Amino acid sequence: MDRVVIDTNILVSAIMKKHGAPRSILRLALERKVLPVIGNALFCEYEDVLARKDLFANAPISAVERETLLDAMLSVCEWVPIYFLWRPNLPDEGDNHLIVLAIAGGATAIITGIKKHVDHGEIAFPNLKVQTAVEFLREWSET
């Protein structure tokens, strides 16, 4: 089973858009066809972003339903403690935690809606792919 890091923007897109690759990624996770890894920083980011009323003003689900979805998502994730911080020096320091989590959790992919934020670090990890939801799904369906 593929171990993956699901960026917050994928989770938000899955909520906001009924159809599309981010929703398919979320479905793969909830159906336990991929194993999302999660750590403290990503959990806090999920929690913070999903609680933003202005972001979800036109969302198809309520705040309570977003909490339920987050609980469901967490129930299929593997919690990964972080003991060592890699500093890949991404353009946005706030994205470094995704690489750290992926390395600590043995993930093969970081699935994100904005690759350029995550794949331009000074440290390269050749066994880790940074993919959009479409790219991941294409490759996943071929295996």
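In this structure, does Ala21 turn out to be over 16 Å from the mean Cα position of the chain (by Cα) and aliphatic (A, V, I, L, M)?
no
Residues are listed down the side, and each one gets a yes or a no for (1) open to solvent by 40 Å² or more (accessible area, probe 1.4 Å); (2) modelled with pLDDT of 95 or more; (3) more than 13 Å from the chain's Cα centre (by Cα); (4) of a type in the set (A, V, I, L, M, F, W, C):
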residue	(1), (2), (3), (4)
Leu69	no, yes, yes, yes
Leu74	yes, yes, no, yes
Arg87	yes, no, yes, no
Pro91	yes, no, yes, no
Lys115	yes, no, no, no
Val118	no, no, no, yes
Leu128	no, no, yes, yes
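I want to confirm something. Restricting to the stretch 29-41 and keeping residues that are open to solvent by 10 Å² or more (accessible area, probe 1.4 Å) and under 24 Å from Ser62 (Cβ atoms), which single residue is farthest from the chain's Cα centre (by Cα)?
Glu31
For residues that are in a loop (DSSP other than H, G, I, E, B) and not small (Gly, Ala, Ser), scanning just the stretch 42-67, find the one that is least open to solvent (accessible area, probe 1.4 Å).
Phe56
The values are calculated or read from the model by the stated rules, or taken from the named source; none is laboratory data. Small disclaimer: the values here were computed from a predicted structure and weren't measured. Neighbour counts run over all protein chains shown; Cβ positions are idealised from the backbone, glycine included. Side chains are part of the model used for accessible areas, which takes the heavy atoms of the whole protein and leaves out ligands, DNA and RNA. Shrake-Rupley method; radii C 1.70, N 1.55, O 1.52, S 1.80 Å.
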